[in-house]
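Bear in mind these aren't lab numbers, they're just calculated from the coordinates by the rules spelled out. Remember, it's a predicted structure, so these values are computed and weren't measured experimentally. Positions of Cβ are backbone-derived with ideal geometry, glycine not excepted, and every protein chain shown enters the neighbour counts.
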Amino acid sequence: MTMSTLQQKNPASVCFVTLGCKVNQTESEALGQLFRNNGYHVVSSTEKADVVVVNTCTVTNTGGAKSRQTIRRMVKAHPDAFVVVMGCYAQTAPGEILGIAGVDLVLGTQDRGKILELIDQVKKEQQPKSSVRTIWDAKTFEELPLIEEESRTRATLKIQEGCNQFCTYCIIPYARGPVRSRIPENAVTEAEKLVAAGYKEIVLTGIHTGSYGEDLGEDWDLARLVKALAQIKGLHRLRLSSIEPMEFTPELIDVIINYPAVCPHLHIPLQCGSDAILTRMKRPYTVKEFKELIQRLTSLQPGIAITTDVIVGFPGETEQNFQETLETVRSCGFSGIHVFPYSKREGTPAAKYPEQIPNKIKEERVKALLEVARESQEDYVRRFIGQRVEVLIERVSPEGVAAGHTGNYIQVHLPPREGKPWEGGELVECVLEKNHVRVNG
């Protein structure tokens with residue numbers, strides 16, 4: 001930070017670089033709106049900016065390294081800018097970040113709404129500062145501005161913060177703190193505003209979405225909130241983000257099945273298909289219980305898309321354990337699978353476990369599971385070829401090719417339309433053809 005920057009009272013522009021999950025992306029967009037509301041112009045990271053905000057990730061052991069590299073790259077690219085670093089890596093390692101030359105303010109995962117006054121304070125004091133507080137002090141959900149500059153297609157609605165689960169491999173509870181649920185009236189009001197602004201789909205998001213309401217001390221849970229949101233007039237689609245297996249109450253399942261606005265697409269993390277490893281991970285369910293949930297959902301709503309996450313190479317995972325995971329995955333009929341090699345995170349119990357798996361074996365297991373994932377996705381998509389589907393157009397290429405998703409999250413590409421070109425935000429009915437579909441892998 002140069003003296004010329006310090007003397008500048010009202011920076012005209014700000015850019016954001018966001019690493020990691022959709023929650024991070026949502027928070028960056030909300031802060032972008034906060035800056036706009038205060039007279040700033042939001043620019044790309046390649047343009048000259050007076051303020052640079054780097055929103056970091058630490059979910060894997062490479063996340064911290066990537067965050068540090070990104071911070072240094074942005075400091076070098078914007079030598080006269082005021083540099084703010086926030087997010088999960090900033091929360092867990094504020095001292096490391098403050099030691100990087102060129103960083104002016106470290107925020108963490110709290111007090112994001114105070115970013116402008118904190119910038120002013122650092123400029124006044126002319127001294128880099130960390131404003132990171134212990135995450136365990138966090139008691140309430142931090143409200144951030146309604147995002148007004150997104151495309152009018154799909155909006156994210158953050159309803160919850162924090163996680164109390166403490167899986168043995170996961171750093172997130174230490175970065176995000178305890179569960180804090182958004183006041184339901186605020187969530188519903190924002191959703192109504194998004195629908196009035198023209199959004200066709202709202203995606204509910206959070207750090208541990210299924211825990212919504214457990215801290216409110218009222219008769220609120222995720223099922224009740226989803227029911228309230230699904231009844232908003234004019235909302236075409238309500239998509240739920242990741243929900244843990246043990247959090248599918250009868251009431252939540254009933255809302256998912258019986259309210260048409262709720263998308264027939266659920267993301268349910270499996271993490272491992274071996275009971276022995278699930279126990280070591282401190283995951284509170286068995287493979288049998290997970291399969292029974294999948295069977296119940298698919299019997300109640302045939303064709304529902306279920307995606308999942310799987311970690312391979314967890315400490316102590318034997319070849320037999322891995323084969324059990326492959327068999328479990330094959331039996332569930334997932335429409336999509338995110339595969340991750342286990343990443344050792346200092347400060348978590350699993351980092352100290354014996355029998356850490358060599359990277360070569362983890363890479364081999366990732367490759368094998370990705371092949372099963374590709375086959376599973378192809379099998380799922382094949383069931384809908386020749387059927388009539390509804391596609392929400394999300395973007396249109398310069399050549400006129402439209403890309404979007406169905407309600408059950410099949411990615412579709414449509415050729416240019418004669419006459420009137422496709423437009424983002426259109427809901428289009430079409431017969432799904434094989435050449436319309438893109439399959440990962």
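A few notes on this one:
- Rg/Rg_globular for the chain, with Rg_globular taken as 2.2 N^0.38 Å and Rg from C-alpha atoms: 1.01
- Pairs from 66/344; 282/344; 200/420; 66/129; 158/344 whose Cα-Cα separation, in the structure shown, is over 18 Å: 200/420; 66/129; 158/344
- Computed over the range 136-263, the convex hull of the alpha-carbon atoms projects to a mean area of 8.1 nm².
- Mean separation of Cα pairs under 8 Å and 6 or more residues apart, divided by the residue count, gives the chain a relative contact order of 10 percent.
- Anchor residue 76: aspartates and glutamates whose Cα lies under 14 Å away (excluding residues fewer than 8 positions away in-chain): 47, 50, 104
- Among the cysteines of the chain, 15, 21, 57, 88, 163, 263, 272, 332, 430 have no other cysteine beta carbon within less than 4.7 Å of their own.
- Averaging Cα coordinates gives a centre for the range 93-149 and one for the range 201-262; these two points are 31 Å apart.
- Selected from 375, 247, 399 as most flexible by GNM, with the chain as the system and alpha-carbon contacts under 10 Å: 399
- Packing-based exposure ordering (other Cβ within 10 Å, fewest first) of 74, 86: 74, 86
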